[in-house]
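Rule-based calculations on the coordinates, nothing more; no lab input. Note that the structure is a prediction, hence the values are computed from the model and not measured. Glycine gets a Cβ as well: all are built from the backbone with ideal geometry, and neighbour counts include every protein chain shown.
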């Protein structure tokens, strides 16, 4: 592919993107190409560097090293050009609750220089898109969490951006609202052709993306479509509980030449064909098998295989504390 | 998956940008200002409530001190006035001082409630954020201060049309200088926790040293120096001289005008000093907002 082709193809590019906060290296040299019109998921646990990366791509932070471009402009050298071409939906709410939905959008139209003649019609369109037309003149403080999120998505689309960044767009929403939001997002991509770049730590959401980058400890550990990533796991995933997992693990290794992973008091094995594996397992191990189940590989399995740990929220409490602490006392932005 | 560590080819911004970016900045200043005024106007109950404190000062503090001074009248250049009349413009100044700084520091609430992020990621020069906020705070403060003019008959102060017209620019200059200070502080504050500190260690001393409550003459040296370092002093003095000008013989107001090195300062110079201070504070705020991690 020539440089010209790539410039047309990729709407986000990053090369060796690095961000250090003092001693802590939050992002460790990320390379990334996001194609125009795709839904690109950035998947990883809290603290993996997702938000830092998104903040750099949105020009809110400057990279310590490396470079990135969005919509054809360097994020560090031409932040205003980048900002004019992207929309943002933040992890934390960023609406003025004491204004109406329409007033929030009017504010946005002004600061994004939406031409005066188009303002009213664009605002009408985006409100329609997220089905908030009838609440246009209500104060945002009367909105539910899901409605606020929809309004933020509408606002992010108001100035017809090329890329819409969404940082954990469905965090804290109930499953039904999450599905609803996803409906809007897919609609946006299909009708407006906008590129969606989102971070998430929900596996089921990552499945909805066209391509996913798995990030852990500030590094991209895998990148591909959900099915490509799942193919990294060798076949089916079998979960076994036995009377003695240590003995069972040793026996399985000897019998099948696969190394079981101990996870939550059970053993996990990746095998090409679970249906053939399970009867042999029960027949040939000497310890009592208490339960066996198997499933097609999920992104959870991919994540566990690549990083050696599950993508869980155990650290969320502490992380959220750090986030609040950072907001309260952190350095200048 | 191939990794290509080659350089990224990026576009240069188009150069038609300059004119449109000036227009964009002005539009952004306007909308940042307008939002503050809209919120201020929506919260009319707060506007009324904020009159309670000046009224307390004027009616209770003013009357009490006036009485204990034996109904004491200040004599000035052939006229005389009571303490209540003396303190009245000071209370107008107080309303301006507190609402200017509070109004501008709403930027810290904006940060806390996330809205500031919406402004900071917009494709506008961040100077627009600082200027819009400073003008918003100044406008609110002017309204709060000028509302108090309706109390003039109550304290026996005569106002004339020229004196009120002259008051407008001076009230605005004071309001602008202090709201710029508020924006400069707010640009560095990450949470409302620091607010008490600002209140106790900055706003209250500024108020007490400004000459709102007592004349800044005949003070001990250390205090004279502090009062002259207080930017609010350079706003209180013109307010007082203008508000009382119609009640006193012409030239009489200079008798209590603020002095620097033995000279009574012309009110125009005082306004320039305030504008300079406001400009520097605004500059600090702009630098802080432009900074990116």
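Key figures for this structure:
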quantity: Pairwise FRET efficiency - residue A:293 versus residue A:174, Cβ, R0 = 25 Å, nearest 0.05; calculated: 0.35
quantity: Max mean-square fluctuation residue, GNM over chain B, Cα-Cα springs under 10 Å, options B:66, B:210, B:187; calculated: B:66
quantity: B:270, A:106 arranged by Cβ crowding within 10 Å, fewest neighbours leading; calculated: A:106, B:270
quantity: Under the Debye formula (equal points on every Cα, no solvent term), log10 I(q)/I(0) of the range A:11-82 at q = 0.12, 0.13 Å⁻¹; calculated: -0.29, -0.34
quantity: Most mobile listed residue (B:164, B:243, B:22) in chain B, GNM with C-alpha springs under 10 Å; calculated: B:22
quantity: Chain B: most fluctuating residue of B:177, B:49, B:104 per GNM, C-alpha cutoff 10 Å; calculated: B:49
quantity: The range B:217-293 shape via C-alpha gyration tensor axes, a/c threshold 1.5; calculated: prolate
quantity: Rounded Å value of the spacing that divides the Cα centres of the range B:215-240 and the range B:32-73; calculated: 22
quantity: Where labels lie 7 Å past Cα in the beta-carbon direction, separation of residue A:35 and residue B:74 in nm; calculated: 7.8
quantity: Sequence of A:182, B:222, B:33 once ranked by neighbouring C-beta atoms within 10 Å, starting from the fewest; calculated: B:222, A:182, B:33
quantity: Anisotropy class of the range B:125-207 from Cα gyration tensor, a/c 1.5 cut; calculated: oblate
quantity: With Cα atoms, 0 to 90° folded angle of helix A:245-256 axis to chain A main axis; calculated: 80
quantity: Alpha-carbon centroid distance for the pair the range A:234-299 / the range B:89-133, whole angstrom; calculated: 62
quantity: 222 nm mean residue ellipticity, helices alone, for the protein assembly as shown (DSSP H n ≥ 4; -39,500 (n - 2.57); rounded to 500); calculated: -15500 deg cm²/dmol
quantity: Area projected by the alpha carbon convex hull of the protein assembly as shown, averaged over all directions, nm²; calculated: 36.3
quantity: Between 0 and 90°, nearest 10: helix A:274-284 axis offset from chain A longest Cα axis; calculated: 30
quantity: Between the range A:182-196 and the range A:78-147, the Cα center-to-center distance that results, in Å; calculated: 17
quantity: Tensor-based shape of the range A:74-177 (alpha-carbon gyration tensor, a/c under 1.5 rounded, otherwise prolate or oblate); calculated: oblate
quantity: Base-10 log of normalised Debye intensity for the range B:160-293 (one unit scatterer per alpha-carbon) at q = 0.09, 0.16, 0.19, 0.23 Å⁻¹; calculated: -0.31, -0.87, -1.11, -1.40
quantity: Cα-Cα P(r), the range B:29-130, percent of pairs per 5 Å interval; calculated: 2, 10, 15, 16, 12, 10, 9, 8, 7, 5, 3, 1, 0
quantity: Calculated FRET efficiency for the pair residue A:225/residue A:254, C-beta based, R₀ 25 Å, to 0.05; calculated: 0.10
quantity: Shielding by partners - mean other protein chain Cβ count within 10 Å, residues of A:90-99; calculated: 5
quantity: Per-residue Cβ neighbour rank within 10 angstrom, fewest leading, B:287, B:87; calculated: B:287, B:87
quantity: Cα-projected label distance for residue B:63 with residue A:119, points at 7 Å along beta-carbon direction, nm; calculated: 4.9
quantity: Cα→Cβ-extended label distance, 7 Å offset, between residue B:52 and residue A:232, nm; calculated: 6.1
quantity: Taking N as its residue count, the alpha carbon Rg of the range A:218-312 over 2.2 N^0.38 Å; calculated: 1.11
quantity: Pairwise Cα inverse-distance average, inverted: Kirkwood Rh of chain A (Å); calculated: 22.0
quantity: With Cα atoms, 0 to 90° folded angle of helix B:127-147 axis to chain B main axis; calculated: 20
quantity: Shielding score for B:187-193, defined as the mean number of other chain Cβ atoms within 10 Å; calculated: 3
quantity: Per-residue mean of C-beta atoms belonging to partner chains within 10 Å, peptide B:106-116; calculated: 3
